[in-house]
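> Quick one: the structure is below, questions incoming.
The values are calculated or read from the model by the stated rules, or taken from the named source; none is laboratory data. All figures in this text were calculated on a predicted structure; none of them were measured in a lab. Every residue, glycine as well, gets a Cβ built from its backbone with ideal geometry; the counts of neighbours run over all protein chains shown.
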Amino acid sequence: MELFELAKYPFMKEAKEWVKNEKVSVEEILFDELYERARERGVRRVREAIEDGIVGEIPLVDEADCIMEIFSYPVARMIVISIENEYLLRRYALAEAKKAYLHMKIEPFEFIKKLSEEFGIEINGNEIHFLDYLKYAPTWDFKWKLVNRDLKNGYVKIEKNEIARLIQEAIRKKIYDELIYAFAPPEVKKVFKNEIMSIRSKFSFKNKEIKTGEISHQYFPPCIKNLINSAKAGLNIPHVGRFTLVTFLNSIGMDTEEILKIFSSSPDFNSEKTRYQIEHITGKISATIYSTPKCDTIRTWGLCYPDEFCKKVSHPLYYYRRRKK
């Protein structure tokens, strides 16, 4: 890759090799005036990730710009590790992946294929092996479910932008997996003390849960009760059922940990993946807070188990709020 490409994808192996070959010490990055721009950009990367959900772009005019951009990535990583908050690690990883996705959408197909190889994703023309597809596709989304895709001889037909979306997820996972077990040098907390304190303070303010009063389980509509009972019994709930349950519980003020606990008995339970899906649906790591489906939609999905009170309402939240009065 050229320097301009490395600057756009600083998490790639080639970018890491380039940094290693430059033989720049951590002390130089943290204290040398030469890397002041990289430090400022590193702080900005973290702030944009937390506040906007995506790392913003800066113009890369020459090689000097590219070099500062490349070095700003390890700076940002050290800062976000030093904040010591797992939620922010996940949000940062997703924000970097989203930034990469915007670049990938305008890259030639051969470049996308090269990126996919780094993650072991097998691309054959406009097809992807179904195992790679299932590993990275957001299958909670109806259009990404394998049953709705064209599958032949173990390969799924896929468009270039869809491949980029799968690589986005692979990037997010790669960055998060690296950060969750990493430790930053103690000097980082000294150099970026004010920035770390400011981010912690601002995050604490933004992350306060908005409660809608005490949650009364006895007033849940039958469809929600059935989904909860199925989850706790260890039954496999369809994706649309999980989506319905998460959106409903989020709307009435249940937090991520409480929702995660409900799914913990599922036979295919994966804490990290389930948390990611919950926080994506509830808008904690995405730009959209998804709404609870209407009764008509739930009925078409085969998840409706009406009682007498259901005849008076057209939405699960109406059921809950009217019965709770």
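> Condition first: surrounded by 14 or more Cβ atoms within 10 Å (Cβ to Cβ) and of a type outside the set (Gly, Ala, Ser). Now tell me which residues in the range 129-139 satisfy that.
HIS129, PHE130, ASP132, TYR133, LYS135, TYR136, PRO138, THR139
> Modelled with pLDDT under 85, surrounded by 14 or more Cβ atoms within 10 Å (Cβ to Cβ) and part of a loop (DSSP other than H, G, I, E, B): which single residue out of ILE285, ILE289 fits that description?
Being modelled with pLDDT under 85, surrounded by 14 or more Cβ atoms within 10 Å (Cβ to Cβ) and part of a loop (DSSP other than H, G, I, E, B) holds for just one of ILE285, ILE289, which is ILE285.
> Any residue in the range 175-190 that is under 17 Å from GLU96 (Cα atoms) and assigned to a helix (DSSP H, G or I) sitting within a Cβ distance under 7 Å of a residue that is among the basic types (Lys, Arg) and modelled with pLDDT under 90? List the pairs, counting only those 6 or more apart or interchain.
Going by the 7 Å Cβ cut-off, the qualifying pairs are TYR176/ARG90.
> Would you check if ARG77 is at pLDDT below 95, farther than 12 Å from ILE167 by Cβ and crowded, with 16+ Cβ neighbours inside 10 Å?
Taking the combined requirement at face value, the residue does not satisfy it.
> Any residue at all in the range 68-77 that's within 30 Å of TYR133 (Cβ to Cβ) and in the same structural domain as ASN161 (by TED's automatic domain parsing)?
yes
> Looking at the range 115-128 only, could you name the residues that are in a helix (DSSP H, G or I) and surrounded by 16 or more Cβ atoms within 10 Å (Cβ to Cβ)?
Residues satisfying the conditions are LEU115, SER116, GLU118.
> I'm checking my understanding of the structure. Among residues of the range 248-292 that are under 14 Å from the mean Cα position of the chain (by Cα) and of a type in the set (Gly, Ala, Ser), which one is farthest from ILE237 (Cα to Cα)?
Selected residue: ALA287.
> Follow-up. Being touching a helix residue (DSSP H, G or I) at 6+ places or on another chain (Cβ under 7 Å), surrounded by fewer than 17 Cβ atoms within 10 Å (Cβ to Cβ) and of a type outside the set (A, V, I, L, M, F, W, C) is the filter here; which residues of the range 1-22 pass it?
Of everything in the range 1-22, those that are touching a helix residue (DSSP H, G or I) at 6+ places or on another chain (Cβ under 7 Å), surrounded by fewer than 17 Cβ atoms within 10 Å (Cβ to Cβ) and of a type outside the set (A, V, I, L, M, F, W, C) turn out to be LYS13, GLU14.
> Every residue in the range 39-84 that is farther than 20 Å from PHE183 by Cα, charged (D, E, K, R) and touching a residue at least 60 places away in the same chain (Cβ under 8 Å), please.
Within the range 39-84, GLU51, GLU63, GLU69 qualify.
> So, in the range 58-73, exactly how many residues are surrounded by 12 or more Cβ atoms within 10 Å (Cβ to Cβ) and either closer than 16 Å to ASN21 by Cα or not polar (S, T, N, Q) (or both)?
Of the residues in that region, 11 qualify.
> Would it be correct to say that LYS23 is in the same structural domain as VAL191 (by TED's automatic domain parsing), over 27 Å from ARG200 (Cα atoms), free of Cβ contacts under 8 Å to residues at least 12 places away in the same chain and of a type outside the set (Val, Ile, Thr)?
Yes, satisfied.
> Out of the residues in the range 83-102 that are on the phi < 0 side of the Ramachandran plot and either touching a Phe, Trp or Tyr at 6+ places or on another chain (Cβ under 7 Å) or not in a helix (DSSP H, G or I) (or both), state the one that is modelled with the lowest pLDDT.
Among them, the one singled out is ASN85.
> For the range 232-262, which residues satisfy the criterion of being more than 18 Å from THR292 (Cα to Cα) and of a type in the set (A, V, I, L, M, F, W, C)?
ALA233, LEU235 - these are the residues of the range 232-262 that are more than 18 Å from THR292 (Cα to Cα) and of a type in the set (A, V, I, L, M, F, W, C).
> Specify the residue that is farthest from PHE243 (Cα to Cα); the eligible residues are those in the range 129-152 that are under 16 Å from the mean Cα position of the chain (by Cα) and in a loop (DSSP other than H, G, I, E, B).
ALA137
> Among the residues of the range 273-284, count how many are closer than 13 Å to TYR176 by Cβ and touching a residue at least 24 places away in the same chain (Cβ under 8 Å). Explain how you work it out, then say what you get.
Of the range 273-284, the ones closer than 13 Å to TYR176 by Cβ are 273, 275-276, 279.
Imposing the further condition that a residue be touching a residue at least 24 places away in the same chain (Cβ under 8 Å) reduces the set to 275-276, 279.
Total satisfying the criteria: 3.
> All but one of (1) closer than 24 Å to SER116 by Cβ; (2) of a type in the set (Val, Ile, Thr); (3) in a helix (DSSP H, G or I) hold for ILE54; state the number of the condition that does not hold.
(3)
> Please determine whether any residue of the range 33-46 is at pLDDT below 95, surrounded by fewer than 16 Cβ atoms within 10 Å (Cβ to Cβ) and assigned by TED's automatic domain parsing to the domain that holds ILE81.
Within the range 33-46, none of the residues are at pLDDT below 95, surrounded by fewer than 16 Cβ atoms within 10 Å (Cβ to Cβ) and assigned by TED's automatic domain parsing to the domain that holds ILE81.
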